[in-house]
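See structure below.
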Amino acid sequence: MSEQKTTKKQKIIFISIFFITLIIFITGYYVYQQTKSYVKTDNAYVKEDFTIVSSKIGGSVVAVYVKDNDYVKKGDLLLEIDPKDYEVKVEQAKIAVVEARNRIEELKTKTKEVDALIEIRKAEYSKAETDYNRAKRLYDKNLIPKDQLERAETQLRIAKGNLDNAEKQKETILAGIGKKIEGEEAVIKRNEKILKEVSIYLGYSKIYAPQDGYVARKNVEVGNFITPGQPLMALVPMKNFYIEANFKETEVGKIRPGNKAEIKIDIYPDLKLEGEVESISPGTGVVFSLLPPENATGNWIKVVQRIPVRIKINNLPTDHQLRLGLSCEVKVKVK
């Protein structure tokens, strides 16, 4: 009886060991197949392309109309820079243009005066010429004395000299006026260019939203003095999210654009998302850092690098709102 119990116990132990071994084998085979078919990482984050708002001009901020997390639409006024300096420059340029045009009109008036004088001299010459011709006819008929003819001839020569002098003066005066007009036209052209540029800068004193989005990282307040190109805030659309998964360099060789992906986001642990590999970065993350490593100098230690892979989210429910930087787990099917 005792031997039967021992034999039965041994059978139970053997069967148990067999099934445990089978389970371990099946589990190991499944893990092996998963390893061959998938690559995964928890070094993944929610990303979205967003816009950094900056100023094209420098100046003191006089008004800010938004705060962090506000939603704005494209074209909404975000802030204003003190426009007084540019308004003064605009007025100065306008005044300079008006004054130059007035001076040109004055010079043109002088030209008309010279033309009027020429017409007078021409009329005097024409009259003297007519008087001389009449006196000559009368002298030829012995109707007037010779001295009267000579006086008419003298008047004709004087009138001709006056006309010649007036025409020479006209050439000199017009040459001077022409140069002055060219100078004033250059002044107008220069100030019109200044007016156009300053008017554009004046428009830059009001900064508008370049796209729809939520305000983030606002670092400007009324009274701040800002410089051209200084980042003022970010605008995040909150509608074009994607996943940036950083896979080991030993894994990226298996990944191709178009591969399907499974995504699990920590904020929604019960939500499983489907995705698709869109692209693979042309370099590792450290290459594009502010201070990339110089492996050719100093002591070198090999570190497994990671390469960013961009993954599109295919089925995000509308009632699940994502945020930039959320942690994820990503599994990409490579076979």
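Each value in this text was obtained by applying a stated rule to the coordinates, not by laboratory testing. Please read these numbers as outputs of a predicted model, since none were measured by experiment. Methodologically, a virtual Cβ is constructed for each residue, glycine included, from the backbone with ideal geometry; neighbour enumeration extends over all protein chains shown.
P(r) for the range 205-335, from all Cα pairs and a bin width of 10 Å, is 10, 29, 27, 23, 10, 1 %, short bins first.
When +1 charges are put on Lys and Arg Cβ atoms and -1 charges on Asp and Glu Cβ atoms, the dipole computed for the chain relative to its Cα centre reaches about 1260 debye.
Under 10 Å, Cα contacts only: if you run a Gaussian network model on the chain, which one of Glu278, Glu244, Glu80 comes out with the highest mean-square fluctuation? Most flexible of the set in this elastic network: Glu278. In order along the range 72-83, phi translates into HN-Hα couplings of 10, 9, 4, x, 5, 6, 9, 7, 10, 9, 3, x Hz, rounded to whole numbers, per the Karplus curve 6.51 cos²θ - 1.76 cosθ + 1.60 with θ = phi - 60° and x for Gly and Pro.
Given Lys239/Lys260; Lys84/Lys108; Lys56/Lys218; Lys260/Lys302; Lys73/Lys94, which pairs have Cα atoms separated by over 25 Å? The partial results should precede the final answer.
Values: Lys239/Lys260 21 Å; Lys84/Lys108 36 Å; Lys56/Lys218 17 Å; Lys260/Lys302 31 Å; Lys73/Lys94 35 Å.
Violating the 25 Å Cα-Cα cut-off are Lys84/Lys108; Lys260/Lys302; Lys73/Lys94.
In the chain, helical runs assigned H by DSSP with n ≥ 4 each contribute -39500 (n - 2.57); averaged across all residues and rounded to the nearest 500, the mean residue ellipticity at 222 nm is -17000 deg cm²/dmol.
A dipole drawn for the chain from +1 and -1 charges on Cβ atoms has a positive end, and of Asn219, Thr51, Ile158 the residue lying farthest that way is Thr51.
What residue among Ile24, Ile243, Ile104 has the largest mean-square fluctuation in a Gaussian network model of the chain, using Cα springs under 10 Å? The residue with the greatest mean-square fluctuation here is Ile24. Evaluating 6.51 cos²θ - 1.76 cosθ + 1.60 at θ = phi - 60° for every residue in the range 51-67, the Karplus couplings come out as 10, 8, 8, 9, 9, 8, 10, x, x, 8, 7, 9, 7, 10, 9, 9, 9 Hz, glycine and proline recorded as x. Comparing Lys108, Lys206, Lys40 in a Gaussian network model of the chain, where Cα atoms under 10 Å apart are tied by springs, the biggest mean-square fluctuation is seen for Lys108.
Selection among Ile173, Gln148, Gly183 by position relative to the dipole of the range 84-203 gives Gln148 as farthest towards the positive end (Cβ unit charges, Cα centre). Hydrophobic, long helices, defined as DSSP H runs whose alpha-carbon span along the helix axis is 24 Å or greater and whose mean Kyte-Doolittle value is at least -1.0, occur in the chain at 2-37, 146-203. In a simple Cβ point-charge model (Lys, Arg +1; Asp, Glu -1; nothing else charged), the range 30-113 has a dipole of about 420 debye relative to its Cα centre.
Relative to the 2.2 N^0.38 Å rule of thumb, the chain has a C-alpha radius of gyration ratio of 2.32.
Under 5 Å from the amide H of Asn224 lie the amide H atoms of Val61, each residue being 5 or more positions distant or on a separate chain, with H modelled from the backbone and absent for Pro and chain starts. Each pair of Cα atoms in the range 84-203 enters the Kirkwood radius, and Stokes-Einstein at 20 °C and 1.002 mPa s then converts it into a translational diffusion coefficient of 118 µm²/s. Amide H contacts of Leu78 (H built 1.01 Å from N, in plane; Pro and chain starts excluded): Ile207, Tyr208, Ala209 sit under 5 Å, all sequence-distant by 5 or more or on other chains.
Going by neighbour counts of Cβ atoms within 10 Å, the residues Lys331, Lys248, Lys146 line up, fewest first, as Lys146, Lys248, Lys331.
Relative protection proxy for 316-329, 264-277, from highest mean packing down: 264-277, 316-329 (other beta-carbon atoms within 10 angstrom).
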